[in-house]
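Student: Once you've had a glance at the structure underneath, I'll fire off some questions.
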Amino acid sequence: MQQREPSASESYFWPSIWAIGLHVLVFALLFVSFAMTPELPPSKPIVQATLYQLKSKSQATTQTNQKIAGEAKKTASRQTEVEQLEQKKVEQEAVKAAEQKKADAAQKAEEAREAAEAKKAEAAAEAAKAAEAKKAAEAKKAEEAKKAAEKQQADIAKKKAEEEAKKKAEEEAKKEAAEEAKKQAVEDAKKKAAEEAKKKAAEDAKKKAAAEEAKKKAAEEAKKKAAADAQKKKAQEAARKAAEDKKAQALAELLSDTTERQQALADEQGDQVAGDFDDLIRLRAAEGWARPPSARKGMTVVLQINMLPDGTITNVSVARSSGDGPYDSSAVAAVKNIGRLTEMQGMKPSDFNQYRSFKMTFTPEDLAL
């Protein structure tokens, strides 16, 4: 990693710190030297006590004492000068020592600066060397990446070529399979068309035969129904004519015979007419009866019928069920559909009384079905 070049302020930072520290050290030594200087006793004339003690002596003695005091003073002055010189010498030596220390500190700071410069230069060289190594490594890495990319591109191209070849082969195979399938489909379609045509022809023939059979059967059913209707109509007409003939004959006999005979004949004819009217009601009900799918042979339903003297049927209800609701409802509807029996209008009130409210049993056999 390349190191940053220090600025001018950073280059002089540590030397300045060393110089300031050196000055502080010098002042500290001066202070210590002054503090540790021994206190000298004050210079006092040795003969001072003597002067005080010899006050009463003569003038000559006084002068002698003054002279001695002057000498002592001079001696004290010289001693003070010596002390001052010694003090000054100590101070000079302290300053000299401080300057020496300052010089030593400056030399050490210079040496430290030179060492720092050397270290800086060495670091710069190492950084340059590291940068060169890094550059070489990056170049090698780039070369390897380039080779890897080229190899990857080559692999991709190879894989793509293989996939395209495989895809082409698959497409060719698919195309061939499609052609084969198409041919097979054409063959199958032809075969299926032939089978469908054959099947359709058979179905058409079968349908045609069925239609002919149905047509023939319908014609036979129509013919049979027409014959049955004609027979039924003929029977109804014969029954009606027979009833009318019987009524006319009975009326004639009543008019020609005696009262007793007429009464006996009337009773006999009344019973006969009543039986004829029961058959007539069943016949008319059969004409209007719609047979339900659930009707079976042997079913029996008893109906309660109400009628007016003019032959109008006013109400029909189930007195005893057959057990099959649709059959019971069809019998009730068949009787209601009669509406009015005009043949009842000529009956005597005594004969008609039994028809005001009477019960009648209906079975499929009774209805001629």
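The values are calculated or read from the model by the stated rules, or taken from the named source; none is laboratory data. These numbers were taken from a predicted model, which means no experiment stands behind them. We place every Cβ from the backbone using ideal geometry, glycine too, and count neighbours over all the protein chains shown. Heavy atoms of the whole protein, side chains included, go into the accessibility calculation; ligands, DNA and RNA do not. Shrake-Rupley method; radii C 1.70, N 1.55, O 1.52, S 1.80 Å.
Student: What ratio of Cα Rg to 2.2 N^0.38 Å holds for the range 151-200?
Tutor: Working: Rg = 20.8 Å, N = 50, 2.2 N^0.38 = 9.7 Å.
The reported ratio for this selection is 2.13.
Student: Of Lys175/Lys198; Lys216/Lys297; Lys190/Lys217; Lys140/Lys160, which ones are farther than 32 Å apart at the Cα? Show your work: numbers first, answer last.
Tutor: Working: Lys175/Lys198 34 Å; Lys216/Lys297 28 Å; Lys190/Lys217 39 Å; Lys140/Lys160 29 Å.
Exceeds cut-off: Lys175/Lys198; Lys190/Lys217.
Student: For Leu341, what residues show an amide H to amide H distance below 5 Å, using hydrogens built from the backbone and excluding near sequence neighbours?
Tutor: The answer is Thr312, Ile313.
Student: May I ask you to evaluate 6.51 cos²θ - 1.76 cosθ + 1.60, the Karplus curve with θ = phi - 60°, for each residue of the range 129-140 and list the ³J(HN,Hα) values in order in whole Hz, giving x for glycine and proline?
Tutor: Once rounded to whole Hz, the list reads 4, 5, 5, 5, 5, 5, 4, 5, 5, 5, 4, 5.
Student: Right, next: Please report, in Å, the Rg and the Dmax of the range 75-223, where both are computed over Cα atoms only.
Tutor: 59.2, 193
Student: Where does each of Lys297, Lys200 land when they are ordered by accessible area, with a 1.4 Å probe and the largest first? Walk me through the intermediate numbers first.
Tutor: Details: Lys297 175, Lys200 125 Å².
Sorted descending by solvent-accessible area, the residues read Lys297, Lys200.
Student: OK, next. Taking θ = phi - 60°, what integer Hz values does the Karplus form 6.51 cos²θ - 1.76 cosθ + 1.60 yield along the range 182-194, in sequence order, with x for Gly and Pro?
Tutor: These are the phi-based 3J(HN,Hα) values: 4, 4, 4, 5, 5, 4, 4, 5, 4, 4, 5, 5, 5 Hz.
Student: From the residues Ala125, Ala94, Ala154, which one has its Cα farthest along the dipole of the range 82-156 in the positive direction, the dipole being from +1 and -1 charges on Cβ of Lys/Arg and Asp/Glu about the Cα centre?
Tutor: Projecting each Cα onto the dipole axis, the largest value belongs to Ala154.
Student: For the range 116-128, what does the Karplus curve 6.51 cos²θ - 1.76 cosθ + 1.60, with θ = phi - 60°, yield as ³J(HN,Hα) per residue in whole Hz, taken in order and with x for Gly and Pro?
Tutor: 5, 4, 4, 4, 5, 4, 5, 5, 5, 5, 5, 5, 4
Student: Report, in cubic angstrom per residue, the convex hull volume of the C-alpha atoms of the range 111-173. Before the final figure, lay out each step's value.
Tutor: Values: hull volume 2.5 nm³, N = 63.
Spelled out: Cα convex hull of the range 111-173, divided by residues, is 40 Å³.
Student: Across the range 71-163, what fraction of all alpha-carbon pairs, as a whole percent, falls in each successive 5 Å bin from zero upward?
Tutor: 4, 9, 8, 6, 7, 6, 6, 5, 5, 5, 5, 4, 4, 4, 3, 3, 3, 3, 2, 2, 2, 1, 1, 1, 1, 0, 0
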